[in-house]
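**Q** So that we are looking at the same thing, I have put the structure below in C-alpha coordinates.
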Amino acid sequence: MTTAEYDLWLSDLDAPRVLLAELDHSGGTQYVATAPFISKPTDSDPNRIYDDCLDAAIDISTRIDGLIGFGEVAMVDDGSLTDWIPLRWQGHPIRLYLGGPDWPRDDFRLLAQGVNGGIITARQGELRFAMNDQSARLDEPIDTGQLPNDGGPVPLALGSIYNAPAYLLQPDPYEWKASFLPVTSLRPKSNGNASVSYTANLQNGSFVLGAGLDNATLTVDIEEQTNTPARVAQWVAMQYGITVGQIEMPGYRVGLYYNSEVSGRQILDDLCDGMGAYWFLDATGRLIVRQHKAPGSATLTMVGDDIVDAAIQLSSTEQPWQSLTLRWRRNYQTLSNVAGVVSADERARLTREWSEHKASQSVSGYPLVEKVSRDTCIQRQSDIVTETNRLLGLHSVRRDTYSIEAFTPPVDVGMTLAIDMPPLNARACRLIAVSRSPTRRGGSTNLEVWL
(Lines give C-alpha, C1' and ligand atoms only; values in the text may rest on other atoms or scores of the structure.)
Protein backbone atom coordinates (compact mmCIF):
# COMPACT_ATOMS: atom_id res chain seq x y z
CA MET A 1 0.00 0.00 0.00
CA THR A 2 1.37 3.40 -0.96
CA THR A 3 1.38 6.42 1.32
CA ALA A 4 -1.21 8.12 -0.90
CA GLU A 5 -3.50 5.09 -0.65
CA TYR A 6 -3.10 4.96 3.12
CA ASP A 7 -3.85 8.69 3.46
CA LEU A 8 -6.97 8.25 1.32
CA TRP A 9 -8.13 5.45 3.61
CA LEU A 10 -7.48 7.62 6.67
CA SER A 11 -9.62 10.40 5.20
CA ASP A 12 -12.65 8.06 5.15
CA LEU A 13 -13.95 8.67 8.68
CA ASP A 14 -16.33 5.71 8.45
CA ALA A 15 -13.76 3.14 7.34
CA PRO A 16 -13.39 0.28 9.86
CA ARG A 17 -10.15 0.46 11.80
CA VAL A 18 -8.08 -1.94 13.82
CA LEU A 19 -5.45 -0.78 16.28
CA LEU A 20 -2.60 -3.18 17.00
CA ALA A 21 -0.49 -2.77 20.12
CA GLU A 22 2.84 -4.41 20.76
CA LEU A 23 3.94 -4.16 24.38
CA ASP A 24 7.52 -5.15 25.18
CA HIS A 25 8.58 -6.41 28.60
CA SER A 26 11.80 -7.82 29.98
CA GLY A 27 10.95 -11.30 28.72
CA GLY A 28 9.47 -10.60 25.29
CA THR A 29 6.48 -8.93 23.60
CA GLN A 30 2.70 -9.22 23.97
CA TYR A 31 0.48 -8.65 20.90
CA VAL A 32 -3.05 -7.28 21.29
CA ALA A 33 -5.64 -5.62 19.05
CA THR A 34 -9.03 -3.93 19.13
CA ALA A 35 -10.49 -6.73 16.99
CA PRO A 36 -9.48 -10.29 16.08
CA PHE A 37 -6.41 -10.13 13.86
CA ILE A 38 -3.86 -12.60 12.49
CA SER A 39 -1.10 -11.55 10.13
CA LYS A 40 -1.05 -13.25 6.75
CA PRO A 41 1.38 -16.02 5.78
CA THR A 42 2.99 -13.60 3.31
CA ASP A 43 3.68 -10.90 5.95
CA SER A 44 7.20 -10.29 7.23
CA ASP A 45 6.00 -11.60 10.61
CA PRO A 46 3.69 -14.38 9.34
CA ASN A 47 0.70 -15.83 11.18
CA ARG A 48 1.14 -13.55 14.18
CA ILE A 49 -1.93 -13.75 16.44
CA TYR A 50 -3.09 -10.53 18.13
CA ASP A 51 -5.38 -11.10 21.12
CA ASP A 52 -8.53 -8.97 20.69
CA CYS A 53 -8.54 -7.63 24.25
CA LEU A 54 -7.41 -4.05 23.53
CA ASP A 55 -9.88 -1.31 24.43
CA ALA A 56 -10.57 1.02 21.48
CA ALA A 57 -10.53 4.26 23.49
CA ILE A 58 -6.89 5.34 23.12
CA ASP A 59 -6.46 9.10 22.69
CA ILE A 60 -3.36 10.71 21.23
CA SER A 61 -2.69 14.42 21.73
CA THR A 62 0.04 16.41 19.97
CA ARG A 63 0.87 20.03 20.79
CA ILE A 64 3.51 22.48 19.62
CA ASP A 65 4.48 23.11 23.25
CA GLY A 66 5.84 19.57 23.35
CA LEU A 67 3.20 18.21 25.72
CA ILE A 68 2.31 15.14 23.69
CA GLY A 69 -0.06 12.84 25.53
CA PHE A 70 -1.26 9.28 25.18
CA GLY A 71 -4.34 7.83 26.74
CA GLU A 72 -4.06 4.73 28.85
CA VAL A 73 -3.59 1.42 27.08
CA ALA A 74 -6.47 -0.58 28.47
CA MET A 75 -7.16 -4.31 28.18
CA VAL A 76 -10.37 -6.21 28.76
CA ASP A 77 -9.25 -9.06 31.02
CA ASP A 78 -11.33 -12.22 31.01
CA GLY A 79 -8.85 -13.84 33.36
CA SER A 80 -6.32 -14.72 30.68
CA LEU A 81 -4.12 -11.71 31.48
CA THR A 82 -3.45 -12.58 35.11
CA ASP A 83 0.01 -13.86 34.24
CA TRP A 84 0.86 -10.42 32.81
CA ILE A 85 0.73 -8.64 36.16
CA PRO A 86 4.14 -9.73 37.58
CA LEU A 87 5.98 -9.07 34.30
CA ARG A 88 8.47 -6.19 34.18
CA TRP A 89 6.85 -3.64 31.85
CA GLN A 90 7.98 -0.23 33.01
CA GLY A 91 10.41 1.56 30.73
CA HIS A 92 9.94 -0.81 27.79
CA PRO A 93 8.49 0.33 24.44
CA ILE A 94 4.85 0.32 23.36
CA ARG A 95 4.13 0.49 19.63
CA LEU A 96 0.71 1.22 18.13
CA TYR A 97 -0.14 0.40 14.49
CA LEU A 98 -3.30 1.37 12.60
CA GLY A 99 -4.89 -0.34 9.62
CA GLY A 100 -7.94 -2.16 8.25
CA PRO A 101 -9.33 -5.46 9.59
CA ASP A 102 -8.62 -7.40 6.39
CA TRP A 103 -5.24 -5.86 5.57
CA PRO A 104 -1.87 -7.60 5.53
CA ARG A 105 0.07 -6.73 8.68
CA ASP A 106 2.79 -5.12 6.56
CA ASP A 107 0.30 -2.47 5.31
CA PHE A 108 -0.37 -1.20 8.84
CA ARG A 109 1.46 2.03 9.67
CA LEU A 110 3.15 3.01 12.91
CA LEU A 111 0.74 5.40 14.61
CA ALA A 112 2.51 6.04 17.90
CA GLN A 113 5.48 4.86 19.89
CA GLY A 114 5.89 5.48 23.58
CA VAL A 115 7.31 4.18 26.81
CA ASN A 116 5.40 1.87 29.12
CA GLY A 117 4.79 3.60 32.43
CA GLY A 118 3.77 0.33 34.07
CA ILE A 119 0.49 -1.15 35.21
CA ILE A 120 -1.78 1.47 36.78
CA THR A 121 -4.97 -0.62 37.15
CA ALA A 122 -5.28 -4.37 37.66
CA ARG A 123 -8.72 -5.55 38.74
CA GLN A 124 -11.37 -7.98 37.67
CA GLY A 125 -12.13 -7.47 34.00
CA GLU A 126 -9.56 -4.72 33.45
CA LEU A 127 -5.81 -4.20 33.05
CA ARG A 128 -4.46 -0.73 32.27
CA PHE A 129 -1.00 0.56 31.42
CA ALA A 130 0.31 4.13 31.41
CA MET A 131 1.85 5.12 28.08
CA ASN A 132 4.32 8.00 28.21
CA ASP A 133 5.95 9.91 25.38
CA GLN A 134 9.61 9.36 24.64
CA SER A 135 10.81 12.87 25.43
CA ALA A 136 11.65 11.83 29.00
CA ARG A 137 14.94 10.42 27.73
CA LEU A 138 15.94 13.97 26.74
CA ASP A 139 16.08 14.76 30.47
CA GLU A 140 19.12 12.52 30.87
CA PRO A 141 22.28 14.65 31.27
CA ILE A 142 24.81 14.53 28.45
CA ASP A 143 28.02 12.93 29.66
CA THR A 144 30.94 15.21 28.76
CA GLY A 145 33.36 13.74 31.25
CA GLN A 146 34.91 15.45 34.27
CA LEU A 147 37.62 18.08 34.67
CA PRO A 148 40.59 17.22 36.92
CA ASN A 149 40.46 17.76 40.67
CA ASP A 150 36.66 17.56 40.87
CA GLY A 151 36.38 20.57 38.57
CA GLY A 152 32.94 19.62 37.34
CA PRO A 153 31.80 18.60 33.86
CA VAL A 154 33.96 19.33 30.84
CA PRO A 155 32.27 22.34 29.15
CA LEU A 156 30.07 21.72 26.13
CA ALA A 157 30.42 24.32 23.36
CA LEU A 158 28.09 24.21 20.36
CA GLY A 159 28.64 26.70 17.54
CA SER A 160 30.19 30.16 17.99
CA ILE A 161 31.09 31.03 21.58
CA TYR A 162 32.37 34.41 22.76
CA ASN A 163 34.73 34.79 25.71
CA ALA A 164 34.17 31.54 27.61
CA PRO A 165 36.26 30.42 30.60
CA ALA A 166 39.15 28.02 30.02
CA TYR A 167 39.90 25.19 32.48
CA LEU A 168 43.34 23.89 33.40
CA LEU A 169 43.91 20.26 32.44
CA GLN A 170 47.56 19.94 33.46
CA PRO A 171 50.58 22.11 34.31
CA ASP A 172 53.98 22.01 32.61
CA PRO A 173 53.05 22.33 29.85
CA TYR A 174 49.98 24.35 30.81
CA GLU A 175 47.16 22.74 28.84
CA TRP A 176 43.69 24.32 29.03
CA LYS A 177 40.35 22.80 28.09
CA ALA A 178 37.79 24.83 26.15
CA SER A 179 35.34 22.28 24.76
CA PHE A 180 34.23 18.68 25.10
CA LEU A 181 33.76 18.48 21.33
CA PRO A 182 36.41 18.96 18.63
CA VAL A 183 36.51 22.57 17.44
CA THR A 184 37.42 24.39 14.24
CA SER A 185 39.27 27.26 15.97
CA LEU A 186 40.27 28.59 19.39
CA ARG A 187 41.28 32.14 20.30
CA PRO A 188 42.69 32.39 23.85
CA LYS A 189 42.74 35.83 25.51
CA SER A 190 44.52 37.16 28.56
CA ASN A 191 42.38 39.85 30.20
CA GLY A 192 40.73 40.22 26.81
CA ASN A 193 44.02 40.57 24.92
CA ALA A 194 44.24 38.00 22.09
CA SER A 195 48.02 38.42 21.68
CA VAL A 196 48.63 35.13 23.48
CA SER A 197 51.22 32.56 22.39
CA TYR A 198 49.58 29.13 22.26
CA THR A 199 49.40 25.81 20.44
CA ALA A 200 45.89 24.55 19.68
CA ASN A 201 44.77 20.93 19.83
CA LEU A 202 41.52 21.39 17.89
CA GLN A 203 40.55 17.72 17.97
CA ASN A 204 40.75 17.73 21.76
CA GLY A 205 39.14 21.17 22.17
CA SER A 206 42.19 22.35 24.14
CA PHE A 207 45.31 24.50 23.85
CA VAL A 208 48.74 24.81 25.45
CA LEU A 209 50.06 28.24 26.47
CA GLY A 210 53.58 29.25 25.56
CA ALA A 211 54.01 31.36 28.73
CA GLY A 212 52.47 31.98 32.15
CA LEU A 213 49.48 34.24 32.81
CA ASP A 214 50.80 36.45 35.62
CA ASN A 215 47.41 36.38 37.44
CA ALA A 216 45.49 37.46 34.34
CA THR A 217 42.05 36.05 33.53
CA LEU A 218 42.22 33.50 30.71
CA THR A 219 39.23 33.22 28.38
CA VAL A 220 38.74 31.82 24.90
CA ASP A 221 36.59 32.37 21.82
CA ILE A 222 35.46 29.04 20.37
CA GLU A 223 34.26 28.03 16.93
CA GLU A 224 32.62 24.61 16.68
CA GLN A 225 30.85 23.22 13.63
CA THR A 226 27.39 22.81 15.23
CA ASN A 227 26.65 26.47 14.50
CA THR A 228 23.12 26.60 12.99
CA PRO A 229 19.75 25.74 14.56
CA ALA A 230 19.37 22.70 12.30
CA ARG A 231 22.81 21.37 13.22
CA VAL A 232 22.13 21.82 16.94
CA ALA A 233 18.81 19.96 16.70
CA GLN A 234 20.40 17.17 14.66
CA TRP A 235 23.27 16.87 17.15
CA VAL A 236 20.89 16.53 20.09
CA ALA A 237 18.83 13.92 18.23
CA MET A 238 21.98 11.94 17.46
CA GLN A 239 23.10 11.99 21.12
CA TYR A 240 19.83 10.37 22.20
CA GLY A 241 19.26 8.06 19.24
CA ILE A 242 16.17 10.01 18.13
CA THR A 243 15.03 10.12 14.52
CA VAL A 244 14.70 13.60 13.01
CA GLY A 245 11.27 14.15 11.47
CA GLN A 246 11.35 17.76 10.31
CA ILE A 247 13.50 20.82 11.02
CA GLU A 248 12.30 24.15 9.63
CA MET A 249 14.65 26.75 11.06
CA PRO A 250 16.60 29.71 9.62
CA GLY A 251 20.31 29.47 8.88
CA TYR A 252 21.28 31.86 11.69
CA ARG A 253 24.73 31.57 13.28
CA VAL A 254 24.15 30.34 16.85
CA GLY A 255 26.16 29.38 19.89
CA LEU A 256 25.29 27.51 23.10
CA TYR A 257 27.73 26.95 25.96
CA TYR A 258 27.35 24.93 29.16
CA ASN A 259 29.94 24.49 31.91
CA SER A 260 27.59 22.57 34.18
CA GLU A 261 25.37 19.53 33.71
CA VAL A 262 23.01 19.90 30.76
CA SER A 263 20.32 17.78 29.11
CA GLY A 264 19.07 17.58 25.54
CA ARG A 265 15.77 19.13 26.59
CA GLN A 266 17.53 22.22 27.96
CA ILE A 267 19.58 22.62 24.78
CA LEU A 268 16.48 22.43 22.57
CA ASP A 269 14.62 24.85 24.86
CA ASP A 270 17.50 27.34 24.80
CA LEU A 271 17.74 27.01 21.02
CA CYS A 272 14.05 27.69 20.42
CA ASP A 273 13.07 30.15 23.15
CA GLY A 274 14.78 33.21 21.72
CA MET A 275 13.69 32.87 18.11
CA GLY A 276 9.97 32.14 18.31
CA ALA A 277 10.42 28.43 17.70
CA TYR A 278 9.09 25.21 19.19
CA TRP A 279 10.07 21.55 19.32
CA PHE A 280 8.35 18.31 20.17
CA LEU A 281 8.56 14.57 19.58
CA ASP A 282 5.65 13.45 17.45
CA ALA A 283 3.54 10.39 18.21
CA THR A 284 6.09 8.11 16.57
CA GLY A 285 9.01 9.64 18.49
CA ARG A 286 10.49 11.79 15.70
CA LEU A 287 11.95 15.21 16.53
CA ILE A 288 10.11 18.19 15.03
CA VAL A 289 11.63 21.70 15.26
CA ARG A 290 9.98 24.71 13.63
CA GLN A 291 9.65 28.47 13.92
CA HIS A 292 6.22 29.75 14.88
CA LYS A 293 4.87 31.59 11.83
CA ALA A 294 1.71 33.41 10.80
CA PRO A 295 -0.85 31.20 9.04
CA GLY A 296 -0.25 30.91 5.30
CA SER A 297 -2.43 29.43 2.57
CA ALA A 298 -4.90 26.89 3.90
CA THR A 299 -4.30 23.23 3.07
CA LEU A 300 -7.75 22.23 4.37
CA THR A 301 -11.04 24.16 4.57
CA MET A 302 -13.67 23.22 7.14
CA VAL A 303 -17.33 24.23 6.85
CA GLY A 304 -20.28 24.17 9.22
CA ASP A 305 -21.04 20.47 8.72
CA ASP A 306 -17.50 19.64 9.83
CA ILE A 307 -17.95 21.32 13.21
CA VAL A 308 -19.68 19.50 16.07
CA ASP A 309 -22.73 21.58 17.11
CA ALA A 310 -20.93 24.78 16.11
CA ALA A 311 -18.33 24.00 18.79
CA ILE A 312 -15.92 26.89 18.21
CA GLN A 313 -14.78 28.73 21.31
CA LEU A 314 -12.27 31.51 21.92
CA SER A 315 -9.69 30.15 24.38
CA SER A 316 -7.17 32.97 24.78
CA THR A 317 -5.88 36.21 23.29
CA GLU A 318 -2.38 37.69 22.97
CA GLN A 319 -1.96 41.45 22.91
CA PRO A 320 0.27 43.00 20.21
CA TRP A 321 3.88 43.81 20.98
CA GLN A 322 4.90 47.45 21.10
CA SER A 323 8.61 46.69 21.41
CA LEU A 324 10.99 43.77 21.42
CA THR A 325 14.50 43.54 22.84
CA LEU A 326 16.55 40.53 21.80
CA ARG A 327 19.80 39.84 23.65
CA TRP A 328 22.45 38.15 21.54
CA ARG A 329 26.10 36.95 21.45
CA ARG A 330 26.42 36.26 25.15
CA ASN A 331 29.71 36.95 26.90
CA TYR A 332 30.25 33.88 29.10
CA GLN A 333 32.98 35.45 31.27
CA THR A 334 32.52 39.17 31.94
CA LEU A 335 35.76 40.91 32.90
CA SER A 336 36.35 43.63 35.46
CA ASN A 337 40.00 44.05 34.50
CA VAL A 338 40.71 44.44 30.77
CA ALA A 339 44.16 44.76 29.22
CA GLY A 340 45.06 48.31 28.18
CA VAL A 341 45.78 47.35 24.58
CA VAL A 342 42.17 46.32 23.99
CA SER A 343 40.08 48.77 21.94
CA ALA A 344 37.36 50.83 23.61
CA ASP A 345 34.54 49.01 21.82
CA GLU A 346 35.92 45.58 22.67
CA ARG A 347 36.61 46.69 26.25
CA ALA A 348 32.95 47.66 26.66
CA ARG A 349 31.85 44.34 25.18
CA LEU A 350 34.08 42.31 27.51
CA THR A 351 32.58 43.95 30.59
CA ARG A 352 28.89 43.28 29.79
CA GLU A 353 27.12 39.95 29.44
CA TRP A 354 24.94 40.61 26.40
CA SER A 355 24.64 42.72 23.30
CA GLU A 356 21.08 43.98 22.78
CA HIS A 357 18.97 44.92 19.78
CA LYS A 358 15.70 46.76 20.38
CA ALA A 359 12.97 47.69 17.91
CA SER A 360 9.47 49.08 18.32
CA GLN A 361 6.33 49.55 16.28
CA SER A 362 3.21 51.68 16.38
CA VAL A 363 0.22 49.79 17.77
CA SER A 364 -2.93 51.87 18.17
CA GLY A 365 -6.08 50.94 20.04
CA TYR A 366 -4.38 48.50 22.45
CA PRO A 367 -3.63 50.12 25.82
CA LEU A 368 -2.23 46.80 27.14
CA VAL A 369 0.40 46.27 24.45
CA GLU A 370 3.42 44.26 25.56
CA LYS A 371 7.07 45.20 25.79
CA VAL A 372 8.96 41.94 25.39
CA SER A 373 12.59 40.98 26.12
CA ARG A 374 14.23 37.64 25.33
CA ASP A 375 17.63 35.98 25.48
CA THR A 376 18.79 34.27 22.28
CA CYS A 377 21.66 32.07 21.14
CA ILE A 378 22.06 34.14 17.95
CA GLN A 379 25.61 35.31 17.23
CA ARG A 380 25.43 37.68 14.20
CA GLN A 381 23.97 41.18 14.18
CA SER A 382 22.37 40.74 10.76
CA ASP A 383 20.55 37.65 12.03
CA ILE A 384 19.35 39.37 15.21
CA VAL A 385 17.94 42.28 13.18
CA THR A 386 16.13 39.84 10.89
CA GLU A 387 14.65 37.88 13.78
CA THR A 388 13.60 41.00 15.71
CA ASN A 389 11.73 42.31 12.69
CA ARG A 390 10.14 38.90 12.06
CA LEU A 391 8.86 38.53 15.60
CA LEU A 392 7.57 42.10 15.75
CA GLY A 393 5.71 41.57 12.48
CA LEU A 394 4.23 38.34 13.80
CA HIS A 395 2.90 40.18 16.85
CA SER A 396 1.85 43.44 15.21
CA VAL A 397 -1.81 42.45 15.68
CA ARG A 398 -3.77 40.66 18.36
CA ARG A 399 -3.44 36.88 18.12
CA ASP A 400 -6.25 34.57 19.21
CA THR A 401 -6.49 30.87 20.01
CA TYR A 402 -9.74 28.96 19.40
CA SER A 403 -10.71 25.46 20.46
CA ILE A 404 -12.78 23.45 17.98
CA GLU A 405 -14.44 20.05 18.01
CA ALA A 406 -14.67 18.83 14.44
CA PHE A 407 -15.18 15.89 12.13
CA THR A 408 -11.99 15.98 10.14
CA PRO A 409 -9.56 13.65 8.40
CA PRO A 410 -6.19 13.25 10.09
CA VAL A 411 -4.40 16.57 10.50
CA ASP A 412 -1.04 17.50 11.97
CA VAL A 413 0.09 20.39 14.15
CA GLY A 414 1.64 23.14 12.07
CA MET A 415 -0.88 22.83 9.24
CA THR A 416 -2.90 25.84 8.10
CA LEU A 417 -6.69 25.47 8.14
CA ALA A 418 -9.52 27.74 7.02
CA ILE A 419 -12.65 27.57 9.17
CA ASP A 420 -15.52 28.78 6.96
CA MET A 421 -18.13 29.62 9.59
CA PRO A 422 -18.59 32.30 12.26
CA PRO A 423 -16.74 33.64 14.13
CA LEU A 424 -13.70 32.75 12.01
CA ASN A 425 -15.34 33.27 8.60
CA ALA A 426 -12.74 31.45 6.46
CA ARG A 427 -9.74 33.09 8.14
CA ALA A 428 -6.54 31.08 7.92
CA CYS A 429 -5.51 29.47 11.23
CA ARG A 430 -2.37 27.65 12.33
CA LEU A 431 -3.12 24.28 13.96
CA ILE A 432 -1.30 24.12 17.30
CA ALA A 433 -2.90 21.10 19.02
CA VAL A 434 -4.69 17.91 17.93
CA SER A 435 -6.36 15.28 20.11
CA ARG A 436 -8.35 12.29 18.85
CA SER A 437 -8.84 8.56 19.23
CA PRO A 438 -7.52 6.82 16.12
CA THR A 439 -10.01 3.96 16.36
CA ARG A 440 -13.20 5.97 16.76
CA ARG A 441 -15.20 5.56 13.52
CA GLY A 442 -16.71 8.88 12.50
CA GLY A 443 -15.51 10.37 15.76
CA SER A 444 -14.62 13.97 16.38
CA THR A 445 -11.21 15.53 16.82
CA ASN A 446 -10.40 18.27 19.33
CA LEU A 447 -8.34 21.04 17.75
CA GLU A 448 -6.68 24.26 18.85
CA VAL A 449 -5.97 26.88 16.19
CA TRP A 450 -4.02 30.13 16.35
CA LEU A 451 -4.57 33.15 14.17
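The values are calculated or read from the model by the stated rules, or taken from the named source; none is laboratory data. Remember, it's a predicted structure, so these values are computed and weren't measured experimentally. We place every Cβ from the backbone using ideal geometry, glycine too, and count neighbours over all the protein chains shown.
**Q** Does LEU451 meet the test of being surrounded by 16 or more Cβ atoms within 10 Å (Cβ to Cβ) and in contact (Cβ under 8 Å) with a residue 24 or more places away in the chain?
**A** Yes; evaluated as a whole, the condition is true for this residue.
**Q** I've got another one for you. So if I check each of ASN193, ASN201, which one is touching a residue at least 60 places away in the same chain (Cβ under 8 Å), under 29 Å from TRP328 (Cα atoms), out of contact with any Cys (no Cβ under 9 Å at 6 or more places or on another chain) and surrounded by fewer than 19 Cβ atoms within 10 Å (Cβ to Cβ)?
**A** Of ASN193, ASN201, the one residue that is touching a residue at least 60 places away in the same chain (Cβ under 8 Å), under 29 Å from TRP328 (Cα atoms), out of contact with any Cys (no Cβ under 9 Å at 6 or more places or on another chain) and surrounded by fewer than 19 Cβ atoms within 10 Å (Cβ to Cβ) is ASN193.
**Q** Filter the range 131-144 for residues that are within 20 Å of TRP89 (Cα to Cα) and at pLDDT 90 or above and give the result.
**A** Of everything in the range 131-144, nothing turns out to be within 20 Å of TRP89 (Cα to Cα) and at pLDDT 90 or above.
**Q** Which residue, of ASN425, ASN389, is over 23 Å from the mean Cα position of the chain (by Cα) and free of Cβ contacts under 8 Å to residues at least 12 places away in the same chain?
**A** Just a single option satisfies the conditions, and that option is ASN425.
**Q** Considering only the range 279-299, state which residues are among the aliphatic types (A, V, I, L, M) and surrounded by 22 or more Cβ atoms within 10 Å (Cβ to Cβ). Spell out how you get there, then give the answer.
**A** So the first thing to find is which residues in the range 279-299 are among the aliphatic types (A, V, I, L, M), and the list is 281, 283, 287-289, 294, 298.
Answer for the range 279-299, where residues must be among the aliphatic types (A, V, I, L, M) and surrounded by 22 or more Cβ atoms within 10 Å (Cβ to Cβ): LEU281, ALA283, LEU287, VAL289.
**Q** Select, from LEU186, LEU168, the only residue that is more than 27 Å from the chain's Cα centre (by Cα), free of Cβ contacts under 8 Å to residues at least 40 places away in the same chain, surrounded by 21 or more Cβ atoms within 10 Å (Cβ to Cβ) and part of a strand (DSSP E or B).
**A** On the way: LEU168 fails: surrounded by 21 or more Cβ atoms within 10 Å (Cβ to Cβ).
Matching residue, one of LEU186, LEU168: LEU186.
**Q** Taking ASP45, is it surrounded by fewer than 16 Cβ atoms within 10 Å (Cβ to Cβ), in the same structural domain as LEU110 (by TED's automatic domain parsing) and modelled with pLDDT under 90? Walk me through how you get there before you give the answer.
**A** Numbers: surrounded by fewer than 16 Cβ atoms within 10 Å (Cβ to Cβ): yes; in the same structural domain as LEU110 (by TED's automatic domain parsing): yes; modelled with pLDDT under 90: no.
So ASP45 fails the test.
**Q** State all residues of the range 227-278 that are among the acidic types (Asp, Glu) and either more than 13 Å from the chain's Cα centre (by Cα) or surrounded by 21 or more Cβ atoms within 10 Å (Cβ to Cβ) (or both); if no residue qualifies, say none. Even if it seems obvious, please write down each step before you answer.
**A** Start the filter on the range 227-278 by keeping residues that are among the acidic types (Asp, Glu), which leaves 248, 261, 269-270, 273.
Within the range 227-278, just GLU261 meets the criteria.
**Q** Taking the range 117-134, which residues are closer than 19 Å to GLU22 by Cβ, charged (D, E, K, R) and part of a strand (DSSP E or B)?
**A** ARG128
**Q** Moving on. Taking into account only those residues within the range 151-188 that are at pLDDT 95 or above and among the charged types (D, E, K, R), which is nearest to GLU224 (Cα to Cα)?
**A** Per the stated criteria, the residue is ARG187.
**Q** Step by step: first the residues of the range 7-30, then only those that are more than 27 Å from the chain's Cα centre (by Cα) and part of a helix (DSSP H, G or I), then the one that is nearest to ASP412 (Cα to Cα). Which residue is that?
**A** Within the range 7-30, the match that is nearest to ASP412 (Cα to Cα) is SER11.
**Q** For ARG137, only one of the following conditions fails: (1) within 20 Å of PHE280 (Cβ to Cβ); (2) assigned to a loop (DSSP other than H, G, I, E, B). What is its number?
**A** Unmet condition: (2).
**Q** Can you spot a residue in the range 346-358 that is touching a strand residue (DSSP E or B) at 6+ places or on another chain (Cβ under 9 Å), of a type in the set (S, T, N, Q), at pLDDT 95 or above and surrounded by 15 or more Cβ atoms within 10 Å (Cβ to Cβ)?
**A** Initial filter on the range 346-358 (touching a strand residue (DSSP E or B) at 6+ places or on another chain (Cβ under 9 Å)): 349-358.
Within this subset, residues satisfying the condition of being of a type in the set (S, T, N, Q) are 351, 355.
Then keep just the ones that are at pLDDT 95 or above; that gives 351, 355.
Going one step further and asking which of them are surrounded by 15 or more Cβ atoms within 10 Å (Cβ to Cβ), we end up with 355.
Scanning the range 346-358 turns up at least one residue that is touching a strand residue (DSSP E or B) at 6+ places or on another chain (Cβ under 9 Å), of a type in the set (S, T, N, Q), at pLDDT 95 or above and surrounded by 15 or more Cβ atoms within 10 Å (Cβ to Cβ).
**Q** Restricting to the range 412-422, name every residue that is under 23 Å from the mean Cα position of the chain (by Cα) and either under 14 Å from MET302 (Cβ atoms) or surrounded by 15 or more Cβ atoms within 10 Å (Cβ to Cβ) (or both). Can you show your working first?
**A** Residues of the range 412-422 that are under 23 Å from the mean Cα position of the chain (by Cα), as a first pass: 412-417.
If the condition is that a residue be under 23 Å from the mean Cα position of the chain (by Cα) and either under 14 Å from MET302 (Cβ atoms) or surrounded by 15 or more Cβ atoms within 10 Å (Cβ to Cβ) (or both), then VAL413, GLY414, MET415, THR416, LEU417 are the ones that fit.
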